[in-house]
Amino acid sequence: FTGGAKNFLGTTFSKVAHKAASQAFKDFFGLDGFTFANSPEAFQQEEVDRIMKILKPDGSWVGESGSGGRIRELNGGEEAAGRFIKELTKNGAYPMEEIVNKKTGERVGFRWDLPGDVGYVTYRQFSMSGPPTININFLNRGTDFKLKFKD
């Protein structure tokens, strides 16, 4: 959330001021549970919805059930994982950093922060179980998903 948000009068607010003004408006008009279209909460929900459409494109989860409830296994190996990363990160438009093994100093993957403090996506070429793995972590929602790409 950079540059603040504009209200209906065109006034720019910082993230904190926007949140306070939005809450005051909700309280004054008794709009409990209401979310403004350009509020940080609405933006976060849009991003979560966008990612969930990637994970459940036709209402069903991609791939096959893995070893845990939030683990999905897909075919296609590293090539398929690359296509998912491009879609999840909007072709790498989000800030990226390398994940480095603290013991060896070796690069083991990458991490992209999702906009609006929604969470992050990581990619590891190898995982403990073997195949390339994408983790999708939603902050403040207590959910994360793993996609494992078998050859």
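Each value in this text was obtained by applying a stated rule to the coordinates, not by laboratory testing. What you are looking at is a predicted structure, and each value in this text was computed from that prediction instead of being measured. Cβ coordinates were reconstructed from backbone atoms using ideal geometry, including for glycine residues, and neighbour counts include every protein chain displayed.
List of remarks:
- For Ser67 and Thr104, the difference between the fully extended length at 0.36 nm per residue and the C-alpha to C-alpha distance is 10.5 nm.
- Cα→Cβ-extended label distance, 7 Å offset, between Ser60 and Lys90, nm: 3.1
- Stretch gain in nm, segment Leu139-Asp117, where the contour uses 0.36 nm per residue and the Cα spacing is subtracted: 7.2 nm
- Förster radius 41 Å - calculated FRET efficiency between Lys53 and Ser129 (Cβ-Cβ, nearest 0.05): 0.95
- Under 5 Å from the amide H of Val108 lie the amide H atoms of Ile99, Val100, Asn101, each residue being 5 or more positions distant or on a separate chain, with H modelled from the backbone and absent for Pro and chain starts.
- Looking at region 92-151, the trypsin sites (Lys or Arg not before Pro) that sit in a DSSP loop and have at most 11 other Cβ atoms within 10 Å of their own Cβ are Lys102, Lys103, Arg141.
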